[in-house]
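Novice: Sharing a structure below in structure tokens format, with a few things to ask.
A short reminder: the numbers here are calculations on the coordinates, not readings from a lab. Source: prediction; values computed, not measured. Cβ: placed from backbone, ideal geometry, glycine included. Neighbour counts: every protein chain shown.
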Amino acid sequence: MDTETPIKEVVEELKEFGGDAVKLCYQCGKCDTVCPWNRVINFSIRKLIREATFGLPEIELEEVWRCTTCGKCPQECPRDVKQVDDVVAMRRIATEYGVAPPLLKPVRSASASLAAEGNPFVQERSERADWAEGLDVKPFAEEMEILYFPCCYVCYDQRLKEVAQATVNILNKAGVEFGILGTQDNCCGESIRKTGNEDVFKNLARENIKTFIGNGVKKILVSSPHCYHTFKNEYPEFKANFEIVHISQYLLELINEGRLQINKEFPKKVTYHDPCYLGRHNGIYEEPREILKKIPGLELSEMPDSREDSLCCGMGGGRIWIDTKMHERFSNLRTEQAIELEADVLSTSCPYCIDALEESRSGLNYEDVILVKDITEILQEVI
Ligand code: SF4
Ligand code: SF4
């Protein structure tokens, strides 16, 4: 940022962009104690908050872009300083001033692709529904029970397409009347918003809302906790209120209603990693575990940092597009925890987590030791 930028102006902007709670901080340091970054490097969110209080956040430095918005420190903060909102407000100021450290280059390209093609991968919109080729998937129609909205990662990423395919196979087996909107969907916009880019987020949100309303959508099923969070908690800012269901909630419902039968064993030791945006941000801890517990032969074991204390995979807050050095990856620590447990499968329920955990599994040479699976991929094997 221009060093001559009036400090008062920055304090005012921080307030306008939702970071006003920085002033409540009394520097106790609890946030630094729980922040996962301090397991791999030195990082002080407390210091950032302090600097912001005086209108001096160093927005040109990587520090402002480290927070994965995991939600761990806000739940511990005795003064309700709302660190996630504060950091996003700092990033909004940086975006407004056009300040971006070199590591943000991939974020710029993701942002341009989101604006042009509705996905962050510089992929064609016309290829968004290619994952469904050869599967029994219909275009959504108003009289259907539910719309399935796969996230961009699930649509375009080779590994994550398997999650969409597993989801579809399960829904068909349960006889659910569902459809997709395919190339009409846009990214939900969660991650780009966390990088401070409100304009791109708002355009994506408006387009999606227009599409949902235009197609008579009332209930939306999502694979990603990031889509869940955005549709449920942020789209109401646009006066749009759809019924949003995460796949873990929906599958448990299908099993409990007797629409989905589990009739095979899964004789493996499984541990479950709580995604931040499903657990801490939205309180969904039990449903994925309940599903796993219903599978005969499956032994569910808990890792040390679970439920409210879950260890972030490192991909939230726009970090999915930012390169994190191998020795700084939280997902490596998480994978080691699963290995310690001697689990056969490290399961989760989020595309970002799967991406991070798969990278750690191969980076740490555990490919022959443990599998990473979405809960849909496990369930698909036993129905
Ligand atoms: S935990 Fe809250 S009050 Fe304590 S230093 Fe962190 S932000 Fe400030
Ligand atoms: S939200 Fe998570 S990553 Fe961000 S500062 Fe707090 S504990 Fe660290």
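Novice: For the range 261-382, just run the numbers: alpha carbon Rg, then divide by 2.2 N^0.38 Å, N being how many residues it has.
Specialist: So the range 261-382 has a normalised radius of gyration of 1.01.
Novice: Okay, next question. How much net charge surrounds residue 163 when only other residues with a Cβ under 11 Å from its Cβ are counted (Lys, Arg +1; Asp, Glu -1)? Don't skip to the answer; put the middle values down first.
Specialist: Working: positive: 159, 161, 373; negative: 157, 162, 355, 374, 377.
Counting the neighbours of residue 163, the net charge comes to -2.
Novice: In debye to the nearest 20, how big a dipole does the chain give about its Cα centre with +1 on each Lys and Arg Cβ and -1 on each Asp and Glu Cβ?
Specialist: Roughly 460 debye for the chain.
Novice: Now a separate question. Sticking to Cα atoms, compute the Rg of the range 8-77 to one decimal and its Dmax as the biggest Cα-Cα distance, whole number, in Å.
Specialist: Radius of gyration, then largest Cα-Cα span, for the range 8-77: 11.9, 35 Å.
Novice: Given 202/373; 194/232; 30/194; 47/232; 138/219, which pairs have Cα atoms separated by over 25 Å?
Specialist: The pairs that break the limit, which is 25 Å between Cα atoms, are 202/373; 47/232.
Novice: So what is the diffusion coefficient of the chain in µm² per second by Stokes-Einstein at 25 °C and 0.890 mPa s, using a Kirkwood Rh over Cα pairs? List each step's numbers first, then the result.
Specialist: On the way: Rh = 21.5 Å.
It comes out at roughly 114 µm²/s.
Novice: Can you sort 238, 212 so the residue with the fewest Cβ neighbours within 10 Å comes first? The partial results should precede the final answer.
Specialist: Working: 238 13, 212 22.
So the residues, fewest neighbours to most, are 238, 212.
Novice: Now for a separate question. For the range 113-160, what Kirkwood radius comes out of the mean inverse Cα-Cα distance, in Å?
Specialist: 12.0
Novice: Rg and Dmax of the range 92-140, using alpha carbons, in Å: what are they?
Specialist: Every Cα atom of the range 92-140 included, Rg and Dmax give 15.8, 48 Å.
Novice: How about the range 5-109: which GluC sites (Glu not before Pro) there are in a DSSP loop, with at most 11 other Cβ atoms within 10 Å of their Cβ?
Specialist: When the GluC sites (Glu not before Pro) of the range 5-109 are filtered for loop state and at most 11 Cβ neighbours within 10 Å, nothing remains.
Novice: How long are the semi-axes of the ellipsoid equivalent to the range 68-167, from square roots of 5 times the Cα gyration tensor eigenvalues, in whole Å, largest first?
Specialist: After diagonalising the Cα gyration tensor, the semi-axes are 34, 21, 13 Å.
Novice: Here's a follow-up. For the range 352-369, what does the Karplus curve 6.51 cos²θ - 1.76 cosθ + 1.60, with θ = phi - 60°, yield as ³J(HN,Hα) per residue in whole Hz, taken in order and with x for Gly and Pro?
Specialist: Those phi angles translate into 5, 5, 4, 4, 5, 5, 5, 5, 5, 4, 7, x, 9, 6, 9, 4, 8, 9 Hz.
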